[in-house]
Every structure is written in C-alpha cells, then in structure tokens.
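K.L.:
This structure is in structure tokens; I'll ask about it shortly.
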Amino acid sequence: MQSRAWYAASIADFLLADPDLVLGRLVANGDFVSRLEQQRSWLEQIELLRRELTGFSGDIFFEFAIPRMGRRIDVVVIIGPLIFVIEFKVGEGRFDRAAVEQVWD
C-alpha cells in the first residue's frame with residue numbers, strides 16, 4: 001500500500017535521521033516543485049519536532065494526505081492512543097483569515 005504521507009517513520013527513526021535526508025524525502029515524494037521557502041519551513045519544522053519529540057515513542061507523518069478531501073496535514077504524530085494533528089505556519093507574522101480557516105478545517 002502506498003503511504004499517504006510524503007515522509008513517514010517511527011519517532012525513533014525520525015530522531016536519528018539526518019534532517020537533510022528527511023527534507024530530501026519530502027522533496028522527492030512531493031507532488032509540486034518545492035521552493036526554497038518551503039524547504040526552509042520543513043527544516044524548521046524538523047528541528048522543532050526533533051527537539052520536542054525526544055523521549056517519546058510512536059510514529060510521525062509529514063504532509064499526510066486526507067482521503068477524499070484533497071488536503072494535506074503538515075504533520076501527524078501518533079503517541080500511544082493519542083493522535084496529534086499539527087498545522088505549521090512557519091514565518092507567518094500573524095494568522096490571517098485564510099490561515100485560520102485552513103487550520104480549522
């Protein structure tokens with residue numbers, strides 16, 4: 001079965017992976033030409049999540065496609081019975097209406 005995520009790994013493997021390898025998989029599996037701005041955002045997300053997920057076990061999925069909705073979640077983290085859906089707005093100075101609606105969806 002094809003993964004719904006552009007990058008999927010256990011948290012343990014993600015923490016051990018070189019951030020450039022994670023970025024490379026995101027770029028390679030993406031369905032659009034990523035701009036430098038997007039790549040920098042992913043690197044910031046990777047750095048933050050590596051710091052915050054240390055000591056946890058579970059799974060992590062970047063750019064997870066939501067079936068039948070045509071949308072993607074930036075990051076899904078599963079730790080035990082908990083599912084965390086994370087929408088990043090890296091580099092945004094404020095949440096505008098469109099950003100709030102995207103997160104709400």
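K.L.:
Using 0.36 nm per residue, how much length does the chain from V27 to L82 gain when fully extended, once their Cα-Cα distance is taken away?
P.N.:
17.0 nm
K.L.:
After finding the eigenvalues of the alpha carbon gyration tensor for the range 20-59, what semi-axes result from the square roots of 5 times each, listed largest first in whole Å? Intermediate values should be presented prior to the final figure.
P.N.:
On the way: eigenvalues 96, 27, 9 Å².
Sorted largest first and rounded, they come to 22, 12, 7 Å.
K.L.:
Moving on. How large is log10 I(q)/I(0) at q = 0.21 Å⁻¹ when the Debye formula is applied to the Cα atoms of the range 24-87, each weighted equally and without solvent?
P.N.:
Log10 I(q)/I(0), no solvent term: -0.97.
Every read-out reported here was derived from the displayed coordinates using simple, explicitly stated rules and does not represent laboratory data. This one's a predicted model, so the numbers in the text were calculated from it and none came from an experiment.
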